[in-house]
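Colleague: Could you have a look at this structure, given as structure tokens, before my questions?
Read-outs: derived from the displayed coordinates by stated rules, not from any lab. Everything numeric in this text was worked out from a predicted model, so none of it was measured. Neighbour counts are summed over all protein chains in view; Cβ atoms, including those assigned to glycine, are modelled from backbone coordinates with ideal geometry.
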Amino acid sequence: MKKELLSIMFLLAVSIAILNIVPEEIQNENFSHKLDKSTQSNVNSVKDFLTESNKLSVTFDIIRVSPKGDAVMAGKSEPNVELFLYENGIKISSFFSDANGEWVWISDSPLSKGLKVFNVRYFNESGQEFESSQEIYVLDENETDIKPIVLKLNLNDHEEINLYNRDYLENSLTVDILNYFPKDKVSIYGRAPEDQKIKIFSNDLLLGEVKSNFYGNWKFSSKEIVNVDRSNLKFLTTIAGVELEIDLSIDLGKLENNMSKSSVTKIIKEENSWRLTRKLSDKNFVYSEIFIKNSKTIGISGLFKLENFRNYYNSLI
């Protein structure tokens with residue numbers, strides 16, 4: 001009896017040693033042979049799903065749309081895969097990423113007028129469909145001489161909203177987007193010259209200060225003003241000695257009540273802005289207001305000051 005017990009203990013010790021030494025791939029291969037066909041099929045399906053779900057990481061990095069509607073989009077994905085571009089839920093084009101995972105799409109003809117929503121989809125070998133987590137919104141003003149506003153939304157991060165197709169600003173300050181998370185926070189996006197400081201006030205109280213990045217974009221996020229029924233926001237910056245100020249009066253309660261609530265992302269055109277609603281949960285929504293024109297520019301006298309400053313700076317170097 002003792003010999004049998006010792007033999008069993010010896011075999012267990014050897015088994016443990018083998019499991020620690022034999023490569024994981026061989027262990028998995030041997031273990032797979034012991035599974036019945038039904039279980040093995042399920043395991044393979046899960047492996048395929050996990051592999052493929054990680055494959056469709058498509059980014060939109062460049063989006064340009066001319067006033068006439070000529071469009072160029074470019075980004076990255078997994079290398080050497082066929083991607084399908086959808087406009088308002090309808091497939092309009094297909095293309096392949098290159099060996100580096102880079103892809104480019106150029107419209108064959110100008111985009112038609114009106115709101116456009118673009119995304120990219122991919123199908124694996126078994127026909128399973130996967131969709132990019134990014135969506136592109138083209139907000140066309142139906143005017144031939146104005147470039148449309150382009151938004152990039154991340155379906156996995158409702159605070160991430162990026163503005164494209166706007167010009168770099170040399171002498172202006174803009175407030176482009178207001179994101180309102182009820183009972184949580186407000187985030188505000190705008191543009192200014194590179195490395196420009198912008199002060200943000202609410203009802204004459206300083207909320208904070210931000211600085212524009214290399215591309216002239218700035219973002220401010222705060223939890224301090226969401227409980228205020230009505231807020232008079234003020235944005236201040238100084239360019240070449242000239243102070244620019246943008247005033248924005250918002251009624252947070254009215255904003256929340258007037259925004260459309262649905263199970264899907266919805267956007268509507270207002271007089272001077274686009275209003276976007278996105279669902280967070282059954283009772284929570286994030287509301288975004290995209291301003292068509294909300295900016296202040298240095299006047300003529302200020303431009304002369306700016307030009308004199310540039311001339312003086314150039315003389316020094």
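Colleague: Could you pull out the chymotrypsin sites (Phe, Trp or Tyr not before Pro) across the stretch 163-235 that fall in loop regions by DSSP (anything but H, G, I, E, B) with no more than 12 other Cβ atoms inside 10 Å?
Modeller: Listed in order of number, the matching sites are TYR168, PHE214, TYR215.
Colleague: What is the sum of charges around LYS261, taking Lys and Arg as +1, Asp and Glu as -1, for the other residues whose C-beta is under 11 Å from the C-beta of LYS261? Let's see the in-between values first.
Modeller: Details: positive: LYS266, ARG278, LYS279, LYS283; negative: GLU256, ASP282.
That works out to +2.
Colleague: Determine the alpha carbon to alpha carbon distance for each of LYS211/LYS293; LYS254/LYS296; LYS261/LYS296; LYS76/LYS266 and list only those over 29 Å. Walk me through the numbers on the way to the answer.
Modeller: On the way: LYS211/LYS293 21 Å; LYS254/LYS296 26 Å; LYS261/LYS296 32 Å; LYS76/LYS266 27 Å.
Over 29 Å apart, Cα to Cα: LYS261/LYS296.
Colleague: Residue farthest toward the positive end of the dipole of the stretch 169-303, with Cβ of Lys/Arg at +1 and Asp/Glu at -1: which of LEU207, ALA240, SER222?
Modeller: SER222
Colleague: Pop the C-beta distance of ALA240 and ASN124 into the FRET formula with R0 = 45 Å and round what comes out to the nearest 0.05. The partial results should precede the final answer.
Modeller: Details: r = 56 Å, r/R0 = 1.24.
Efficiency, rounded to the nearest 0.05: 0.20.
Colleague: Note down the nm distance, to one decimal, between modelled labels 7 Å out along Cα→Cβ at ASP247 and at LYS68.
Modeller: 4.2 nm
Colleague: Additional query: In a shell of Cβ-Cβ distance under 10 Å around LYS296, excluding LYS296 itself, what net charge do Lys and Arg (+1) and Asp and Glu (-1) give?
Modeller: -3
Colleague: From Cα coordinates alone, what are the radius of gyration and Dmax values for the stretch 234-287 in angstrom?
Modeller: When restricted to Cα atoms, the stretch 234-287 yields Rg and Dmax of 15.8, 49 Å.
Colleague: Report the net charge of residues surrounding TRP103, where surrounding means a beta-carbon distance below 11 angstrom and charges are Lys +1, Arg +1, Asp -1, Glu -1. Kindly include the intermediate steps, with their values, before the conclusion.
Modeller: Values: positive: LYS76; negative: ASP61, GLU78, GLU82, ASP98, GLU102.
Summing Lys and Arg as +1 and Asp and Glu as -1 gives -4.
Colleague: Moving on to the next point. Please sort by residue number the trypsin sites (Lys or Arg not before Pro) in the stretch 65-158 whose DSSP state is loop and whose Cβ has at most 12 other Cβ atoms within 10 Å. It would help to have the intermediate numbers written out before the result.
Modeller: Values: sites: LYS68, LYS76, LYS91, LYS113, LYS116, ARG121, LYS152; in loops: LYS68, LYS113.
Loop-located and lightly packed - LYS68.
Colleague: Among rounded, prolate and oblate, which fits the stretch 169-303 when a ≥ b ≥ c are the square roots of the eigenvalues of its C-alpha gyration tensor, a/c under 1.5 means rounded, and a/b larger than b/c means prolate? Could the numbers behind the result be given before it?
Modeller: Values: a/c = 2.15, a/b = 1.80, b/c = 1.19.
It comes out prolate by the Cα gyration axes.
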